[in-house]
Amino acid sequence: MLGRKERSQLELFITGSLRELVPDDHVLARVDRVLDLDWLHEEVADLYCADNGRPGIDPEAAVRLMLAGFLLGIVHDRRLMREAQVNLAIRWFAGYALHETLPDHSTLTRIRQRWGALRFRRIFERSVQACVAARIAKGEIVHVDASLIRANVSWESLVSRHVEAVDEANIEQVQTAKASRSTGKFKKVCTTDPDASMATNGRNRRLEPAYKQHAVVDDLRGVVLDVEVTTGEVNEGQVIVERLDATMAVTGTAIATATADAGYAYGKVFGALERRGIDPVIPAKAEPIRSKVPLRRFRYDARYDILKCPRGRLLRPTRRIEHGRFFYSRAADCAHCDLASLCLSKGRANKAVVVSDEHPALLRARRRREKWSEEDRRLYRRHRWRSEGFHGEAKAWHGLARAVRRGLANMKIQAYLTAVAINLKRLAAAVLALFCLWLHRILRIEAILASLGGRQGIAPAAQ
């Protein structure tokens, strides 16, 4: 029979608590079981006056509101506070009753400005330490990757950095701008978000104003051990060593193996990882062929600090550059060499070779790449779905596909809170799995005891 429900005046007061109205499997209910922010008041106490001024919003309530937004994919403050007015789960998670007035959306903006990115970095580090303490992250095998995040700017805000006013405002970059004028290549900058830079994910894609997120992901459960944001033009190889050092400082565990894609395959990266005792699983790039006599045919003698050409002639070191040295051959040796036409550049009488300080480490990485073991290949396959999976999850479900606010500091805060939300999800899932395992074992023991008791009761009757 067709039913009908009258829309009369509903009850204003309800018995019980808001927690009873939130399902146990709701993401906020699961995260609440593992979220600990008792330390936060002491962390931010120095930012507030102890005996003067109007009482501000509780720091824990503010962070819980922000985390609720990132967990539910609501990253804009206005939309979040509008949703919190009618969402019982958000109210309960943040500690607000039905009759309590929620803070204005501008309050969250002021808190971000007051705290700065460093305080949110501490919240992220605490989430990592909680995962390590729960043994869902070890920090021994990690995966490193970077991803571009579209800046919150329009195409109309982009201008070419060759305007005189821009040069005057950026004195330190005047020389770069003059060099750009001479070549006819102008660097585009954004007037509304100068921290964003033009970058792209591939050669066939257009340049877009973006930031770059660098992440270190644990191999065990995909916990994010470190995350940092730079401008989009920063190369991945420039920050990987710094990020791995920061990861070891937070986890307190030495990294044994680090995987990364070919974008990190630089000699200085391999050398730095070797000095730290980290085994790099990174596909080294093949040597670029710039001449018909490739550099791999030259042999370096570390004992005498000399370089030998394919015909055994010596190239001696001369001047140093930033990360290496020039080796020059004698013009008399090259004059009678049968490889001179193939080896020497046009117009030169001798050979000049630049040898990087980390060139031996790069050669070792290239030789190892040719003999990767099955374990190395397995780790590299895991790198693809561990690290790239984190970036995909953050962009698809937690609003990291595009910057919400402008400025590098705001972008860092967004990345930190996104990583905290993902880590809390991992931790909550692990706690739930552990509880289910414990409950299963208890029920199994009870079943065994019940069966044993039944057998003892049947035995006398059978006799």
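Each value in this text was obtained by applying a stated rule to the coordinates, not by laboratory testing. All values derive from a computational prediction rather than experimental measurement. Note that we place each Cβ from the backbone using ideal geometry, even for glycine, and neighbour counts take in every protein chain shown.
Pull up the DSSP beta bridges for the chain and report the antiparallel fraction as a percent, rounded to 5. Show your work: numbers first, answer last.
Values: 37 of 44 bridges.
Antiparallel: roughly 85 percent of the beta bridges in the chain.
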Dipole magnitude (debye, nearest 20) for the stretch 107-153, charges at Cβ of Lys, Arg, Asp, Glu: 380 debye
For Glu375 paired with Leu21, estimate the spin-label separation in nm (one decimal), with each label point 7 Å from Cα along the Cα-to-Cβ line. 5.5 nm
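With r as the distance between the Cβ atoms of Lys188 and Arg364 and R0 = 35 Å, compute the FRET efficiency 1/(1 + (r/R0)^6) and round to 0.05. Don't skip to the end; give the middle numbers.
On the way: r = 40 Å, r/R0 = 1.14.
Given R0 = 35 Å and the Cβ-Cβ separation, E is 0.30.
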Note on the chain: alpha-carbon gyration tensor, axes a ≥ b ≥ c; rule is a/c under 1.5 for rounded, else prolate if a/b larger than b/c, else oblate; result oblate
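At a 10 Å Cβ-Cβ cut-off, how would you order Arg19, Arg206, Arg364, Arg386, fewest neighbours first?
Numbers: Arg19 13, Arg206 7, Arg364 16, Arg386 21.
Starting with the residue having the fewest Cβ neighbours, the order is Arg206, Arg19, Arg364, Arg386.
Counting Lys and Arg as +1 and Asp and Glu as -1, each charge on the Cβ, what is the dipole of the chain about the Cα centre in debye, to the nearest 20?
Working: 77 positive and 55 negative charges, 564 e Å.
So the dipole magnitude of the chain works out to roughly 2720 debye.
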How much FRET efficiency would the formula 1/(1 + (r/R0)^6) give for Asp279 and Asn201, where r is the Cβ-Cβ distance and R0 is 22 Å, rounded to 0.05? 0.20
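Extension gain Glu83-Arg135, at 0.36 nm per residue separation less the Cα-Cα distance, in nm? Please list the in-between numbers first.
Values: separation 52, 0.36 × 52 = 18.72 nm, distance 3.50 nm.
Computed gain between Glu83 and Arg135 is 15.2 nm.
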Please sort 254-267, 88-101 by packing, taking for each peptide the average over its residues of neighbouring beta carbons within 10 angstrom, highest first. 254-267, 88-101
Ranking Ala246, Ala260, Val354 by how far each Cα lies towards the positive end of the charge dipole of the chain (+1 on Lys and Arg Cβ, -1 on Asp and Glu Cβ), the top one is Val354
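Counting other beta carbons within 10 Å of each Cβ, put His359, His440 in order, fewest first.
Numbers: His359 18, His440 10.
With the fewest neighbours first, His359, His440 line up as His440, His359.
When ranked by the protection proxy of mean other Cβ atoms within 10 Å per residue, highest first, what sequence do the peptides 273-285, 305-317 form?
On the way: 273-285: 18.2, 305-317: 15.8.
Listed from highest to lowest mean packing, they are 273-285, 305-317.
Go ahead and run the numbers for FRET between Arg54 and Leu432, Cβ-Cβ distance against an R0 of 35 Å, rounding to 0.05.
Values: r = 41 Å, r/R0 = 1.16.
So, using R0 = 35 Å, E works out to roughly 0.30.
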Take each uninterrupted DSSP H stretch in the chain, measure its Cα extent along the helix axis, and return the ones at 24 Å or beyond whose mean Kyte-Doolittle hydropathy is at least -0.5. 105-133, 408-462
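Subtracting the Cα-Cα distance from 0.36 nm times the residue separation, let me have the gained length for Leu47 to Val354 in nm, one decimal.
105.3 nm
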Using +1 at the C-beta of Lys and Arg and -1 at the C-beta of Asp and Glu, which of Ala272, Val431, Thr192 has the Cα lying farthest in the positive direction of the dipole of the chain? Ala272
Beyond a 27 Å Cα-Cα separation, which of these cross-linked pairs lie in this structure: Lys268/Lys425; Lys188/Lys351; Lys285/Lys308; Lys285/Lys351? Lys268/Lys425; Lys188/Lys351
